[in-house]
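So the structure is just underneath, and the comments pick up after that.
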Amino acid sequence: MSATSSAENPPEVSPVERRLRVFLGYLVAPITVLLNYFGERAIMLGKALAALFRRPLRIRLFLDQMQFVGVGSLPIIMLVGFFSGAVSAQQAITALRIFNQERFVGATVGISLAQELAPVFAGLMITARAGSGMATELGSMRITEQIDALTTFAVDPIQYLITPRVIATTLVMPVMAMVFNIVGLIGAYMFSIYFEHIDLGQFVEQFTFWTDPKDYIIGAVKALVFGLTLSVAACYQGFNVRGGAKEVGLATTRAVVAGSVSILVSDYFLIDAFHILWPSKS
Amino acid sequence: MAFQIVNQPPASTSHPAGSPGVGPGPAGGNPLAQRDERWQIRVRGLNKTFGPQHVLRGIDLDIERGRTNIIIGGSGQGKSVLMKHLMGLLHPDSGQIWVDGVDVVGLSDSDMGKLRRKFGMVFQYAALFDSMNVVENIAFPLIERYNLSRAEMLERVRDLLNRLDLGKVDGIEKKIPPELSGGQRKRVGLARALIDRPEILLYDEPTTGLDPVATKNVDEMIRRTADDFGVTSVVISHDMASTFRIGDRISMLAEGKIVVTGTSEEVLASRHPALREFVETSGLVAPDQGRA
């Protein structure tokens, strides 16, 4: 009898101890939330990468995703790239004109495009277009039981759906960043030469003198990382939808927000890492 | 009285020691661990909770080999959850599911994958892959499991389309799921489930959302499939007319348990209040009819 009553009535806790527990709970909660957030995505990424080494490989699914993420995004990447290059040149010329140094516009735009603008803007564009598409498609497949159907045929949904999307986006992103670079430079060149009448020779000379392969390597590595983070964010949101159409919409919104934030936050840390690992000569 | 009121607590809700369930055979003398000629699937003490919701509360159920077994119950009673457990799509909190003497619950992913080849599942809304046409949908299990030539696959797909009365539908092979009617989707879903010749077919509310004529057609399709292909059918339904039309064995799920099980006559004669309410509100029998 006494054992039953002690099980039903837990021992009394003093008010101080109770407050201490609540305080510690508040203190630990953000850490557990953060660990949970990154842990769940890391587990999914781990499963997706491990599935790469299991048969069958289904090359066609990888090519389909490369087509969707890469070829499908080309028009928007080129459009945004052209105007981003032109706007960068415009801003650079305005600032450089104060010091009468407009001739450096080619170098300024070249470096900023290679290291920052191309990978970040291309990443944001891919998040908006392909990331949202992935989250919506996977979410719809989840709520219409298509993912369950895959499982009934003994097909691993992670291997079939997530691995191709993550790998394709990661591999395609540096290419997209390079396209953005090239088209952005064309935009900067056209604006500088035809609208601001900067000397063509000086534009090209300063660009080739100040930019070097390192800038493009940094940009490509960043784009690779952005491709990984944005695709994991999008796939995680879509794959884990529970409910109906409303939840699919919410998952898509969360995928775009999480993908964009992950790009901008990881950009900061990548810059820091590159400054430490590969310091500038000047 | 031949029907059973199955409402007693299970003898054991944990796995017997030393029975990982990776193959049929005696597991500590457990009779469930041997292939039974009559019962193909045996469920004992199945429990499942989702957060605070205790959906399945010790399910005991036997599925008869080669017959059409219907599980009825109201919305939200856990019928689909139970069905997903049978195929290993969900893992129970406790309890056992034996399929031909193999404990499904303890299986590894790869063993589960092999066991799933015994099953075909027809989903409530067909769950056809939107990115594929009808032929690609039906052939999907063959593409994933075997290295058949395109001609062989097409032959098997066309044979099934004809047997399910879809062969004469104009341009059916190239149609994508949104271009199909509700009844056609169900048939294509059934064809996909049947293409690899499963031993057990699971139907998740196959007549939901269909008009009475389409419902009757789907019922006939289930009946004919059971007869022609000799499969064990497990149908989840809350449609009482369909249930009594096609069911060889009917079990009722209420409040997380199987409360009645037996043939249609036995079930109709049951006095269990949940079943009486269900049968009477369906309009199939008058309130006094069927009482012993």
From DSSP H assignment alone, runs of 4+ in chain A each adding -39500 (n - 2.57), the sum over residues rounded to the nearest 500 puts [θ] at 222 nm at -26000 deg cm²/dmol
Comparing A:Ile263, A:Ile31, A:Ile271 in a Gaussian network model of chain A (Cα, 10 Å), the one with the largest mean-square fluctuation is A:Ile31
FRET efficiency for A:Ile186 and B:Arg158 from the Cβ-Cβ distance with R0 = 51 Å, rounded to 0.05, comes out at 0.45
With Cα coordinates, the longest principal axis of chain A makes an angle with the long axis of helix A:132-143, in degrees rounded to 10, of 20 degrees
Within the set A:Met125, A:Met176, A:Met134, GNM on chain A using Cα springs under 10 Å gives the largest fluctuation to A:Met125
Cβ-Cβ cut-off under 14 Å around B:Val259, Lys and Arg +1, Asp and Glu -1: the net charge is +1
Chain B: relative contact order from alpha carbon pairs under 8 Å, six or more residues apart, as a whole percent, is 25 percent
Expressed as a whole number, the average count of other chain Cβ atoms within 10 Å around the Cβ atoms of B:138-147 is 2
From the Cα centre of the range B:170-221 to that of the range A:119-146, the distance in Å is 30 Å
Ranked on Cβ counts within 10 Å of their own Cβ, fewest leading, A:Leu277, B:Leu89 go A:Leu277, B:Leu89
Result: in chain B the number of Lys pairs with C-alpha under 17 Å apart, spaced 8 or more or on different chains, is 11
Under the 7 Å Cα-to-Cβ spin-label approximation, A:Lys214 and B:Ile143 lie apart by a distance in nanometres of 4.9 nm
Rounded to the nearest 10 degrees, the helix A:74-98 long axis (Cα) sits at an angle to the longest Cα principal axis of chain A of 60 degrees
Mean-square fluctuation maximum in Gaussian network of chain A, Cα pairs under 10 Å, restricted to A:Leu171, A:Leu63, A:Leu27, hits A:Leu27
Check: C-alpha center the range A:51-102 vs C-alpha center the range A:161-235, spacing in Å is 6 Å
Note, B:Arg223: beta-carbon cut-off 12 Å, +1 each Lys/Arg, -1 each Asp/Glu, net -1
Computed for the range A:58-277: size of charge dipole around the Cα centre, +1 on C-beta of each Lys and Arg, -1 on C-beta of each Asp and Glu, debye to nearest 20, value 440 debye
The relative contact order of the range A:58-277, taking Cα pairs under 8 Å that sit 6 or more residues apart, comes to a percentage of 36 percent
Counting other chain Cβ atoms within 10 Å of each Cβ in B:190-196 and taking the mean gives 1
Measuring from the longest principal axis of the C-alpha atoms of chain A, the long axis of helix A:213-239 (C-alpha) lies at a number of degrees, nearest 10, equal to 30 degrees
As a percent rounded to 5, the proportion of antiparallel DSSP bridges among beta bridges in the protein assembly as shown is 55 percent
Under the helix-only model (-39500 (n - 2.57) for each DSSP H run of 4 or more, divided by the residues of chain B), the mean residue ellipticity at 222 nm, to 500 deg cm²/dmol, is -9500 deg cm²/dmol
The simple spin-label model distance between A:Ala273 and A:Val16, using points 7 Å out along Cα→Cβ, in nm, is 4.7 nm
Counting other chain Cβ atoms within 10 Å of each Cβ in A:150-162 and taking the mean gives 5
Subtracting the Cα-Cα distance of B:Asp170 and B:Ser75 from 0.36 nm times their residue separation yields 30.5 nm
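Any read-out appearing in this document is the output of simple, stated calculations on the displayed coordinates, not a laboratory observation. This is a predicted model, so every value here is computed, not measured. In this analysis, Cβ positions are derived from the backbone assuming ideal geometry, glycine residues included, and neighbour counts consider all displayed protein chains.
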